[in-house]
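Trainee: Structure provided below as structure tokens; questions to follow.
The values are calculated or read from the model by the stated rules, or taken from the named source; none is laboratory data. Owing to the predicted nature of the structure, the values given are computational and were not obtained by experimental measurement. Note: ideal-geometry Cβ built from the backbone for every residue, glycine included; neighbour counts use all protein chains shown.
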Amino acid sequence: MEEAAVAADDLSGQDLRGENLRGRVLREADLSGANLSGQSLNDLDLSGANLSGADLSGAVLTRVDLSNSNLSGADLSEADLSGADLSGADLTGANLRDASLARADLRDANLTEADLTMTDLGGADLSGVEGLTEDQLAEASVDSNTHLP
């Protein structure tokens with residue numbers, strides 16, 4: 001079965017709660033301001049996507065490819081991003097409160113002013129992360145397997 005391509009601006013600002021996005025090609029898609037709260041998006045390729053200002057609260061994003069994506073100002077509170085690839089992602093001002101980024105790849109991501117309160121960073125790779133402060137780390141949960149910058 002062929003994957004259906006999504007034009008870059010098709011999903012901007014849309015309410016996608018409950019929509020089945022499996023099998024959709026969402027690389028570089030514009031999902032800015034979209035409501036994806038509570039969605040199960042496991043294993044999707046969202047690399048290079050624009051998710052700025054999107055609501056992903058409570059979403060399940062395990063093993064999702066979000067490399068080089070724009071998640072600035074996105075609400076990822078209580079989201080499960082375990083094992084996700086967020087390398088090179090822009091998470092400036094993102095709300096990651098109570099989110100799980102266990103074993104996530106955050107190499108070279110931008111975490112400037114991101115809310116990491118109670119965020120699980122156990123085993124995450126934070127090598128080369130920009131904008132990460134000691135105050136943010138103090139609010140998050142890290143373990144001996146977390147790769148700090």
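Trainee: When you scan the stretch 111-149, how many residues do you find that are more than 16 Å from the chain's Cα centre (by Cα), hydroxyl-bearing (S, T, Y) and farther than 15 Å from L86 by Cβ?
Mentor: Residues flagged as more than 16 Å from the chain's Cα centre (by Cα), hydroxyl-bearing (S, T, Y) and farther than 15 Å from L86 by Cβ within the stretch 111-149 amount to 3.
Trainee: Shifting gears a bit: Going by the conditions given, is R27 at pLDDT below 95 and assigned to a loop (DSSP other than H, G, I, E, B)?
Mentor: Working: at pLDDT below 95: yes; assigned to a loop (DSSP other than H, G, I, E, B): yes.
It is true that R27 is at pLDDT below 95 and assigned to a loop (DSSP other than H, G, I, E, B).
Trainee: Could you please let me know if D108 is over 9 Å from the mean Cα position of the chain (by Cα), over 17 Å from T119 (Cα atoms) and among the acidic types (D, E)?
Mentor: For D108, the condition - over 9 Å from the mean Cα position of the chain (by Cα), over 17 Å from T119 (Cα atoms) and among the acidic types (D, E) - is met.
Trainee: Would the stretch 77-90 turn up any residue that is hydrophobic (A, V, I, L, M, F, W, C), closer than 24 Å to N20 by Cβ and not in a loop (DSSP other than H, G, I, E, B)?
Mentor: Within the stretch 77-90, none of the residues are hydrophobic (A, V, I, L, M, F, W, C), closer than 24 Å to N20 by Cβ and not in a loop (DSSP other than H, G, I, E, B).
Trainee: State which residue pairs qualify: first residue touching a residue at least 12 places away in the same chain (Cβ under 8 Å) and inside the stretch 49-76, second residue part of a loop (DSSP other than H, G, I, E, B) and of a type in the set (V, I, T) in any location, beta carbons under 8 Å apart, and separation of 6 or more residues or different chains.
Mentor: Matching pairs, first to second residue: S72/T92; G73/T92.
Trainee: What is the one condition in (1) surrounded by 18 or more Cβ atoms within 10 Å (Cβ to Cβ); (2) farther than 21 Å from E78 by Cβ; (3) not charged (D, E, K, R) that G128 does not satisfy?
Mentor: Status for G128: all satisfied but (1).
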